[in-house]
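A short worksheet on the structure shown next.
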Ligand code: UDX
Ligand code: UDX
Ligand code: ADP
């Protein structure tokens, strides 16, 4: 029986290994983590991450060929294939601070693998890392190997949160990069045979190590760039009276461009896009390519601009001050169908409004109060450290209350900001909400999910990203 061990039981490691276990009954899969609370949760009925379909998959295999454990060393020792899916935060200090990836967790995992191994192993890079990380890891492993042979592969994960199980069951492609040597080819084939249990062969792409590593950074950069492009257009639409949804539809029907991933929003979030682009920028700078670095930096600048543009719009519309006004925040997760808040645009929007002394009442169907308070008081980039290793213990933000119901959040509020596109926000009783709010009552729709005309009939003043402005909003221009 082939044995797989995955170091890191997070958003990537957990779901990916659960699907491998489900699709490959002949393989024993152990997912290990240094976080006792995370592993306890994986072994309970309350999994540590919310992901549609995940419970079902875990229930089918856990205890049969899928195990969650904190005994990292034992499972690495026993494994034939070791996936590494640990955190790769952005450095906050020293060389490359604010851009480069901090490979502390990766390096410590690699040293541990070298330490405990007594048999040859394939080590698979699963977390997104800078190009040429595999080379560094290879050096650590071979310099500490005591004669054991390691083959390093890069097998980046392309799943998106909220659709992780669907993406894993039916991936557009699986990418495996390895050394172009006979041993490297054999290792690639071994990993390929795992995925071949359920992924059609033509969708399993094999490349050299660097191409695989760079493809992941490039794919995320291209996706983020599409959103910054459509968000940049949304600002122009508001200024000219065009409608971003009509423009995006017209652009997307060109088969060379395609219709997906063209929704204007309050900004992209998530653990990957910004981090991977910052990484790309740093790599370009290190390779003497400042023009290329500048090009990609602009994707992040537009994303930051979109978030502050939204805050400015809210404040400007409400007579240039939200001081001591209650603002309801509907949605805090970085997208719907996940409880994940890493780099969510809601953090920047809330901090912007708090900067203007607003009182916030926040509701998200999947995010806990504890998480929201932690996010709003944490330093930039600190989120990407395992909870028990996070540098500061955050304090509660007093002007923030977190509630468990949209009607409670909006009661007596002056304005509503919709920051996550949860389906349930589309079907709220907006008449009831309006009746219980201060007047004039505002809705700022950062995801274009409500029917603005219907809300205007009720009496709301409505702002929708990239759409024609109400007379009210035109009279109160947001100054950048
Ligand atoms: C992304 C990539 O899609 C995935 O392939 C990679 O493995 C990890 O990073 P994820 O961050 O989970 O996945 O979600 P994604 O669906 O890509 O959304 C990222 C952000 O972009 C979200 O904040 C989302 O709301 C925003 N977005 C997405 C838009 O604003 N408009 C869109 O049209 C699409
Ligand atoms: C373009 C648009 O495609 C068309 O829809 C519009 O009506 C007019 O402008 P055109 O300029 O005729 O059409 O040719 P196109 O095929 O788009 O190529 C434009 C340039 O981009 C060419 O120099 C082409 O060589 C270059 N190109 C195109 C690339 O360098 N790489 C590519 O992948 C595609
Ligand atoms: P991702 O979204 O890439 O899956 P997460 O932050 O959700 O990232 O998961 C990474 C996991 O890796 C965390 O649960 C963390 O505790 C774990 N981890 C980090 N370093 C180590 C290590 N040296 N050994 C075992 N687990 C680790």
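The values are calculated or read from the model by the stated rules, or taken from the named source; none is laboratory data. Every value quoted in this text rests on a predicted model; they were computed, and no experiment measured them. Glycine also receives a Cβ, built like all others from the backbone with ideal geometry; neighbour counts cover every protein chain displayed.
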message: Can you go through 224, 212, 219 and tell me which one is within 12 Å of ligand 1 (Cβ to nearest atom) and farther than 25 Å from residue 449 by Cβ?
response: 219
- prompt: So which residues in the range 454-472 are out of contact with any strand residue (DSSP E or B) (no Cβ under 6 Å at 6 or more places or on another chain) and either outside any loop (DSSP other than H, G, I, E, B) or closer than 12 Å to residue 318 by Cα (or both), if there are any at all?
  reply: 454, 457, 458, 471
- request: Answer yes if at least one residue in the range 439-453 is outside any loop (DSSP other than H, G, I, E, B), in contact with a strand residue (DSSP E or B) (Cβ under 8 Å, 6 or more places away or on another chain), crowded, with 22+ Cβ neighbours inside 10 Å and touching a residue at least 40 places away in the same chain (Cβ under 8 Å), and no otherwise.
  value: yes
- prompt: For the range 249-269, what are the residues that are within 14 Å of ligand 1 (Cβ to nearest atom) and surrounded by fewer than 23 Cβ atoms within 10 Å (Cβ to Cβ)?
  reply: 249, 251, 252, 257, 258, 259, 260, 261, 262, 263
message: Restricting to the range 56-81, and then to whatever is touching a helix residue (DSSP H, G or I) at 6+ places or on another chain (Cβ under 6 Å) and under 14 Å from residue 110 (Cα atoms), can you tell me which residue is nearest to ligand 1 (Cβ to nearest atom)?
response: 76
statement: So the helices (runs of 4 or more DSSP H) completely within the range 223-338 holding 2 or more residues that are more than 16 Å from ligand 3 (Cβ to nearest atom), out of contact with any helix residue (DSSP H, G or I) (no Cβ under 7 Å at 6 or more places or on another chain) and touching a residue at least 60 places away in the same chain (Cβ under 8 Å) are 273-286, 290-317
message: Can you tell me which residue is surrounded by the most Cβ atoms within 10 Å (Cβ to Cβ) among those in the range 314-324 that are touching a strand residue (DSSP E or B) at 6+ places or on another chain (Cβ under 7 Å) and farther than 18 Å from residue 420 by Cα?
response: 317
- prompt: Here are some conditions: (1) part of a loop (DSSP other than H, G, I, E, B); (2) in contact with a helix residue (DSSP H, G or I) (Cβ under 8 Å, 6 or more places away or on another chain). Residue 348 meets all but one. Which one does it not meet?
  reply: (1)
query: Applying the selection to the range 196-218, what residues are in contact (Cβ under 8 Å) with a residue 40 or more places away in the chain and touching a helix residue (DSSP H, G or I) at 6+ places or on another chain (Cβ under 9 Å)?
result: 197, 198, 209, 210, 212, 213, 214, 216, 217, 218
- request: Might you let me know whether the range 188-202 holds any residue that is surrounded by fewer than 15 Cβ atoms within 10 Å (Cβ to Cβ) and within 26 Å of the chain's Cα centre (by Cα)?
  value: no
task: From the list 159, 141, pick out the single residue that is touching a helix residue (DSSP H, G or I) at 6+ places or on another chain (Cβ under 6 Å) and either under 30 Å from residue 53 (Cβ atoms) or within 16 Å of ligand 1 (Cβ to nearest atom) (or both).
output: 159
- request: Could you grab me the full set of residues in the range 10-27 that are within 9 Å of ligand 3 (Cβ to nearest atom), more than 13 Å from residue 82 (Cα to Cα) and touching a strand residue (DSSP E or B) at 6+ places or on another chain (Cβ under 7 Å)?
  value: 14
- prompt: Could you say whether any residue in the range 336-348 is touching a strand residue (DSSP E or B) at 6+ places or on another chain (Cβ under 8 Å) and modelled with pLDDT of 95 or more?
  reply: yes
- prompt: If you go through the range 391-407 one residue at a time, do you hit one that is within 16 Å of ligand 3 (Cβ to nearest atom), touching a helix residue (DSSP H, G or I) at 6+ places or on another chain (Cβ under 8 Å), within 24 Å of residue 36 (Cα to Cα) and in a loop (DSSP other than H, G, I, E, B)?
  reply: yes
- request: State yes or no: is residue 367 crowded, with 22+ Cβ neighbours inside 10 Å, assigned to a loop (DSSP other than H, G, I, E, B) and without any contact (Cβ under 8 Å) to a residue 60 or more places away in the chain?
  value: yes
query: Any idea how many residues of the range 117-139 are closer than 16 Å to residue 76 by Cα, surrounded by 15 or more Cβ atoms within 10 Å (Cβ to Cβ) and out of contact with any strand residue (DSSP E or B) (no Cβ under 9 Å at 6 or more places or on another chain)?
result: 0
